[in-house]
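Pasting in a structure now, in structure tokens, and then I'll have a few things to ask.
The values are calculated or read from the model by the stated rules, or taken from the named source; none is laboratory data. Predicted model only: the values in this text are computed from it and were never measured. Cβ atoms come from the backbone with ideal geometry, glycine included; neighbour counts cover every protein chain shown.
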């Protein structure tokens, strides 16, 4: 068994590097539960094992400015209702960056058209700029992470020997969270609020895939 593992370690990089490489650029709309829908851009790269299977990695970027209504409700419940001020305190600028390993299986439906299933798993990084409680016009920063997975399907049409155009519908799932501490300046008591970002939702994208 050790000999087999050693052989795989030595020869797998050479086997993978011998496969045709591909790169995909995808643009579209993402509608996570935590925020309103917005623009998302992504890149996927890797290796074409054969005509029916490609494996690789993906990185996406989604940005949204919004008011965290869950946090507004927590502020109202604990400190009393002050909707306009608490909404200012709950303003959030969120950058979501999922990084995943991916696999795509092609099912030819015509000489130049493939139906495909795609999936991935990895980590979701959130970069969160949020209003300081005492000075809402100032921003604080925090990072949050969680396991992420994604599954979808699409259609790819061959533009040429080394290029495809594609449309894709997928479902993305992750829910990073962290604890947000606020000290009441009047009482000195510290209250812990949980900030949870449900980044699960539907993603609709179109793009191009290139082989090289």
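When you look at residue 129, is it touching a residue at least 24 places away in the same chain (Cβ under 8 Å) and either exposed (fewer than 13 other Cβ atoms within 10 Å of the Cβ) or within 26 Å of the chain's Cα centre (by Cα) (or both), yes or no? Show your work before the answer.
Working: touching a residue at least 24 places away in the same chain (Cβ under 8 Å): yes; either exposed (fewer than 13 other Cβ atoms within 10 Å of the Cβ) or within 26 Å of the chain's Cα centre (by Cα) (or both): yes.
It is true that residue 129 is touching a residue at least 24 places away in the same chain (Cβ under 8 Å) and either exposed (fewer than 13 other Cβ atoms within 10 Å of the Cβ) or within 26 Å of the chain's Cα centre (by Cα) (or both).
List the residue pairs whose Cβ atoms are under 6 Å apart, where the first residue sits in the range 81-105 and is closer than 24 Å to residue 140 by Cβ, the second is at pLDDT 90 or above and buried (at least 21 other Cβ atoms within 10 Å of the Cβ), and the two are 6 or more positions apart or on different chains.
Close Cβ pairs satisfying both conditions: 94/128; 96/62; 96/126; 96/199; 98/60; 98/124; 98/148.
What about residue 199, is it within 21 Å of residue 61 (Cβ to Cβ) and outside any strand (DSSP E or B)?
Working: within 21 Å of residue 61 (Cβ to Cβ): yes; outside any strand (DSSP E or B): yes.
Yes, satisfied.
Which numbered condition in (1) more than 13 Å from the chain's Cα centre (by Cα); (2) surrounded by 14 or more Cβ atoms within 10 Å (Cβ to Cβ); (3) part of a strand (DSSP E or B) is the only one that residue 70 fails?
Going through (1) more than 13 Å from the chain's Cα centre (by Cα); (2) surrounded by 14 or more Cβ atoms within 10 Å (Cβ to Cβ); (3) part of a strand (DSSP E or B) one by one, residue 70 breaks only (3).
Out of curiosity, is residue 117 in a strand (DSSP E or B), more than 15 Å from the chain's Cα centre (by Cα) and touching a residue at least 12 places away in the same chain (Cβ under 8 Å)? Can you show your working first?
On the way: in a strand (DSSP E or B): yes; more than 15 Å from the chain's Cα centre (by Cα): yes; touching a residue at least 12 places away in the same chain (Cβ under 8 Å): yes.
So residue 117 passes the test.
Same structure, new question: In this structure, does residue 81 turn out to be loosely packed, with under 14 Cβ neighbours inside 10 Å and either at pLDDT 95 or above or over 20 Å from residue 204 (Cβ atoms) (or both)? If you could, list the steps in order and put the result at the bottom.
Numbers: loosely packed, with under 14 Cβ neighbours inside 10 Å: yes; either at pLDDT 95 or above or over 20 Å from residue 204 (Cβ atoms) (or both): yes.
Against the criterion (loosely packed, with under 14 Cβ neighbours inside 10 Å and either at pLDDT 95 or above or over 20 Å from residue 204 (Cβ atoms) (or both)), residue 81 qualifies.
In the range 130-137, is there at least one residue being in a strand (DSSP E or B), in contact with a strand residue (DSSP E or B) (Cβ under 9 Å, 6 or more places away or on another chain) and at pLDDT below 95? It would help to see each step written out before you state the result.
Narrowing the range 130-137 to residues in a strand (DSSP E or B): 130-131.
Retained after the next criterion (residues that are in contact with a strand residue (DSSP E or B) (Cβ under 9 Å, 6 or more places away or on another chain)): 130-131.
If we keep only those that are at pLDDT below 95 too, we end up with 130-131.
Yes, there is a match, as at least one residue in the range 130-137 is in a strand (DSSP E or B), in contact with a strand residue (DSSP E or B) (Cβ under 9 Å, 6 or more places away or on another chain) and at pLDDT below 95.
Here is a further query. Test residue 55 against the stated conditions and say whether it is touching a strand residue (DSSP E or B) at 6+ places or on another chain (Cβ under 6 Å) and either assigned to a loop (DSSP other than H, G, I, E, B) or crowded, with 18+ Cβ neighbours inside 10 Å (or both).
On the way: touching a strand residue (DSSP E or B) at 6+ places or on another chain (Cβ under 6 Å): yes; either assigned to a loop (DSSP other than H, G, I, E, B) or crowded, with 18+ Cβ neighbours inside 10 Å (or both): no.
No.
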